[in-house]
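Only one structure is covered here, and it is reproduced in the block below.
The values are calculated or read from the model by the stated rules, or taken from the named source; none is laboratory data. As the structure is a prediction and not an experimental result, all values here were calculated from the model. Using ideal geometry, Cβ is built from the backbone for each residue, glycine included, and neighbour counts are taken over all protein chains shown. To get the accessible areas, we keep the full protein, side chains included, count just its heavy atoms, and leave off ligands, DNA and RNA. Shrake-Rupley method; radii C 1.70, N 1.55, O 1.52, S 1.80 Å.
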Amino acid sequence: MTTVTVWNEFRHEQENDTVAEVYPDGIHTVVAEALESHGFDTRTATLDEPEHGLTEDILDDTDVLTWWGHAAHDEVDEEIIDRVHERVLDGMGLIVMHSAHYSKIFRKLMGTTCSLKWREAAETERLWTVEPGHPIADGIDEYVEVPEAEMYGERFDIPAPDELVFTSWFEGGEVFRSGCCYRRGSGRIFYFRPGHETYPVYHDDAIQQVLANAAEWATPDDGPTPDFGNHDPIEDVDTDDDRSVH
């Protein structure tokens, strides 16, 4: 069974009554319960836990990590980011959710600012499935209508995705690349835009289905582990070369 660790900075829910009404036990709890209902073994971790809940043992036992953050990106310890980064390169999947586009881990993996336009006006979003044959789109209609959403608009300062699964249109006229797939090292990364903290987006069945599909897609393969560095030859070859400087 795939093990998913659901990470959340868990600040808005404790400090803002509006957010607490929508997610009384935290966004991470809703996401973890949704993924569990789809057959995943889930655990949660939050910013204020020791080592942000992401100890080496926890990460070593994590197949896919989901990440939600907004107000406290700068409080995430660089040592933990390096730890997560290494695990992604080694094959752990990563699902980056909504405002975590500005998280340290996503910016480190993308190598760009990950900046965008935004507007908070509870406007309609249509999340269009532009790659219906992709596994992350399995069971999703031609579009998902989100009745209340925070607008994110282009340009989204990210590298061109390896695969683009969803594109959003907003009531105010903007569009946005909302479902972006990447590979870094041996790890698969999916950025998924919907999910503002004051709107009940993560309670939506279709959004939960996308997250479950993404967790399945991002689960590490059982393929061979690559070797790097100086390597003994497979065939017989004379390796005696006194010109080497290594």
Inter-label distance, nm, simple model (7 Å from Cα along the C-beta direction), Arg184/Leu164: 2.1
Charge dipole magnitude, Cβ of K and R +1, D and E -1 - the chain, Cα centre, debye nearest 20: 960
Accessible carbon and sulfur surface of the chain relative to its total accessible area, %, 1.4 Å: 44
Cα coordinate range in the range 118-229, projected on the principal axes (Å, largest first): 52, 29, 25
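Would you please put 88-99, 229-240, 134-145 in order of how densely packed they are, using the mean number of other Cβ atoms within 10 angstrom per residue and starting with the highest?
Most protected by this proxy first, the peptides run 88-99, 134-145, 229-240.
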Residue-span extension gain [Lys108 to Arg155] - 0.36 nm each, minus C-alpha spacing: 15.0 nm
Share antiparallel - DSSP beta bridges, the range 24-161, percent rounded to 5: 65
Debye intensity ratio I(q)/I(0), log10, the chain, q values 0.07, 0.12, 0.13 Å⁻¹ (C-alpha model): -0.25, -0.66, -0.77
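Rounded to the nearest 20 debye, what is the charge dipole size of the range 68-154 about its Cα centre when +1 sits on each Lys and Arg Cβ and -1 on each Asp and Glu Cβ?
260
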Taking the range 139-187 and dividing mean pair separation by its residue count, relative contact order in percent (alpha carbons under 8 Å, at least six apart): 33
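For the range 139-246, which trypsin sites (Lys or Arg not before Pro) pass both filters: DSSP loop (anything but H, G, I, E, B) and at most 10 other C-beta atoms within 10 Å?
Sites meeting the loop and neighbour criteria: Arg155, Arg243.
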Accessible area in square angstrom per residue, the chain, 1.4 angstrom probe: 50
The chain - mean residue ellipticity at 222 nm from DSSP helices (-39,500 (n - 2.57) per run, n ≥ 4, rounded to 500): -6500 deg cm²/dmol
Listed residues Glu13, Glu154, Glu125, most fluctuating in the chain (Gaussian network, C-alpha, under 10 Å): Glu154
Dipole of the chain, positive direction: furthest Cα of Pro24, Met92, Ala160, with charges on the beta-carbon: Ala160
11 Å cut-off, amide nitrogen to a point 7 angstrom out along Ala71 Cα→Cβ, residues in the range 6-26: 10-20
From the C-alpha gyration tensor of the range 1-74, square roots of 5λ in Å: 21, 16, 8
Cα gyration tensor category, rounded, prolate or oblate, for the range 104-151 with a/c compared to 1.5: oblate
By average C-beta atoms within 10 angstrom, highest first, the peptides 64-76, 102-114: 64-76, 102-114
For the chain, share of DSSP beta bridges that run antiparallel, in % to the nearest 5: 55
